[in-house]
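The values are calculated or read from the model by the stated rules, or taken from the named source; none is laboratory data. Everything numeric here is computed off the predicted structure, so don't read it as measured data. Here Cβ is always computed from backbone atoms with ideal geometry, including for glycine, and neighbour counts include all displayed protein chains.
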Amino acid sequence: MPHRLVTCAIIGFWLGTMGYLVVREWHQRGQAPPILAEVVAQASKQPVEWHVFRRNRGPDGNWESPVSVGTVVSYLQRDEANNVTSIVHQLELDVGQIWHHWPLTESAGPLRMESRLEIGLFGEIQRLRIVGGWMAWSRWLLLADLVPRPDHQAILRFMLNLPGGVWRQEYLVPWSNQSLPLNSLGPPDQIPQLRPGQRWTISSLDIVGFSGSPGAATAGLVLPQAVSLTWEGHGYTCLVVQFQRAGLEAEWWVAQDEPVRHWVLQQVVRWSDTELTLVRQSECRRQDLLVPPSWFYRLP
């Protein structure tokens, strides 16, 4: 029979090992992002409409009243032949309002944009492509094409068509193939299995108010306390996912109550003194946005 101290040491060792494994598993789950395949699987099979509002911080430091600047319609598009599912966002924005700080003529026609995130059979991101066209212009306005690499980075090719000529730039940005990226104009439909205090690193792409490289790794945090949000005249408890990177703050407000559990009810993005809020609508009335106009893909 081993000495009692030896027996206690063995038991203590095994209990310590089990405790360590449990804590490590809990820590890893707390650091893991929502599984992208589940995000896609639980997404609505019907188009979802979002209204876009901009507001600015006034000279007194207070936020001014929000201004409606456009509409977004998001939906899933499946390519069974290639085992690819695309999360598509079709946007119609007032070009003079969305980039109000640029010398652009207001009410000169809408800015149409399409964001298309392609996801493979096993939930891996394959490509993100964003195209924007201004109806009053005879050329493309912008093109962003992002292709992930196997080393947790992605090549982002960016083209901006301005009156002074075409500006092209290529970036190498941090990227995750398994985590839903933060897109300043492309909110997710649903995010299941969030937990208060959960943290992870998320890829972000900002083509509206970026300075320097539009792509970066962003720290994501689910705030420890749920908050209340009035949506469509009813109050819902929401978990708020908060993201921060240099020059950019963003939030996803994710409902926790039935019948809208896991729905993203709004996305908020802030750049210094400007804020864009995308508010989900209960039904999609802008079915016309599902089909891009004929001039949309016109080459320069």
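Observations
- Test result for Leu117, assigned by TED's automatic domain parsing to the domain that holds His89, of a type in the set (A, V, I, L, M), within 23 Å of Pro187 (Cα to Cα) and in a loop (DSSP other than H, G, I, E, B): no
- Taking the range 120-169 as the range and being touching a residue at least 40 places away in the same chain (Cβ under 8 Å), surrounded by fewer than 14 Cβ atoms within 10 Å (Cβ to Cβ) and on the phi > 0 side of the Ramachandran plot as the test, no residue passes.
- Criterion: part of a loop (DSSP other than H, G, I, E, B) and touching a Gly at 6+ places or on another chain (Cβ under 8 Å) - qualifying residue of Ala136, Ala154: Ala136
- A single member of Ile207, Ile191 is within 17 Å of Arg129 (Cα to Cα) and either buried (at least 20 other Cβ atoms within 10 Å of the Cβ) or in contact (Cβ under 8 Å) with a residue 24 or more places away in the chain (or both), and it is Ile207.
- Residue list for the range 213-225, restricted to those being part of a strand (DSSP E or B) and not polar (S, T, N, Q): Gly215, Ala216, Ala217, Ala219, Gly220, Leu221, Val222
- Within the range 226-270, being of a type in the set (A, V, I, L, M), part of a strand (DSSP E or B) and loosely packed, with under 14 Cβ neighbours inside 10 Å holds for one residue alone: Val227.
- Among the conditions (1) assigned to a strand (DSSP E or B); (2) at pLDDT 90 or above, Leu142 misses just one, which is (2).
- Unmet criterion (only one of (1) at pLDDT 95 or above; (2) farther than 14 Å from Pro181 by Cα; (3) within 17 Å of the chain's Cα centre (by Cα)) for Val241: (2)
- Candidate set from the range 246-281 (those that are modelled with pLDDT under 95 and among the small types (Gly, Ala, Ser)); member that is nearest to the chain's Cα centre (by Cα): Ala250
- Candidates are the residues of the range 99-119 that are buried (at least 22 other Cβ atoms within 10 Å of the Cβ) and not polar (S, T, N, Q); the one that is modelled with the lowest pLDDT is Leu111.
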